[in-house]
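Asker: Pasting a structure below so you can have a look.
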Amino acid sequence: MSHGLKQVWPSGRRYYVPECQCGWTGGLTTARWMAEAAHTKHAEEARVEAVPEFDGATYSHDRDHVRLGKQMLAVVEVLKDGDWHTLAELSQRTGYPEASISARIRDCRKARFGGKEIVSDYVRRGLWRYRLVLDE
């Protein structure tokens, strides 16, 4: 989906309007950085909303979907390098707890989330590492 900024000049003053191909339009602002920030926030929200529905006995879409979607996108973004990562490293790089990352890795393996092949390798004394197998 395409996102961008449009410049308008009502009453001779320059304003910026963030807009999206999906039909979303942000408010007028004279500061380009504010329009860019609104655009970035909208783009992130659109990416999170595109994440399929999670499940579980205690799952509530309104309460949990944005949080879990952001976690999943962050974990996948790190794993896309194809290198090995421990839960501690993924936690440090994403800012999310290890238990949440472990759950998102399990979710990523499910068909509705793309059925990604994430392999695990036992390192030592209960330490595991994970790697996303990249399509060639």
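The values are calculated or read from the model by the stated rules, or taken from the named source; none is laboratory data. Everything quoted here is computed from the prediction, not taken from an experiment. Cβ coordinates were reconstructed from backbone atoms using ideal geometry, including for glycine residues, and neighbour counts include every protein chain displayed.
Asker: Output the number of residues of segment 106-127 satisfying the condition of being touching a Phe, Trp or Tyr at 6+ places or on another chain (Cβ under 6 Å) and surrounded by 13 or more Cβ atoms within 10 Å (Cβ to Cβ).
Answerer: Selection size over segment 106-127: 2.
Asker: Report, by residue number, each residue of segment 109-130 that is part of a strand (DSSP E or B) and under 18 Å from the mean Cα position of the chain (by Cα).
Answerer: Scanning segment 109-130 gives a single hit, I118.
Asker: Follow-up. Would a scan of segment 47-61 turn up a residue that is assigned to a helix (DSSP H, G or I) and more than 25 Å from V133 (Cβ to Cβ)?
Answerer: First, the residues of segment 47-61 that are assigned to a helix (DSSP H, G or I): 47-49, 61.
Subsequent filtering for residues that are more than 25 Å from V133 (Cβ to Cβ) retains 49, 61.
Within segment 47-61, one or more residues are assigned to a helix (DSSP H, G or I) and more than 25 Å from V133 (Cβ to Cβ).
Okay, residues lined up against (1) touching a Lys or Arg at 6+ places or on another chain (Cβ under 8 Å); (2) at pLDDT below 95; (3) part of a helix (DSSP H, G or I); (4) surrounded by fewer than 16 Cβ atoms within 10 Å (Cβ to Cβ):
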residue	(1), (2), (3), (4)
A35	no, yes, yes, no
A38	no, yes, yes, no
M72	yes, no, yes, no
V75	yes, no, yes, no
D81	no, no, no, yes
L90	no, no, yes, no
I101	no, no, yes, no
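Asker: Looking at (1) surrounded by fewer than 13 Cβ atoms within 10 Å (Cβ to Cβ); (2) more than 12 Å from the chain's Cα centre (by Cα), which is the one condition that is false for A50?
Answerer: (2)
Asker: Just to check your reading of the model, which residue among E19, E45 is under 13 Å from the mean Cα position of the chain (by Cα), surrounded by 11 or more Cβ atoms within 10 Å (Cβ to Cβ) and at pLDDT below 85? Break it down stepwise before answering.
Answerer: Numbers: E19 fails: under 13 Å from the mean Cα position of the chain (by Cα).
E45 is the lone residue from the list that is under 13 Å from the mean Cα position of the chain (by Cα), surrounded by 11 or more Cβ atoms within 10 Å (Cβ to Cβ) and at pLDDT below 85.
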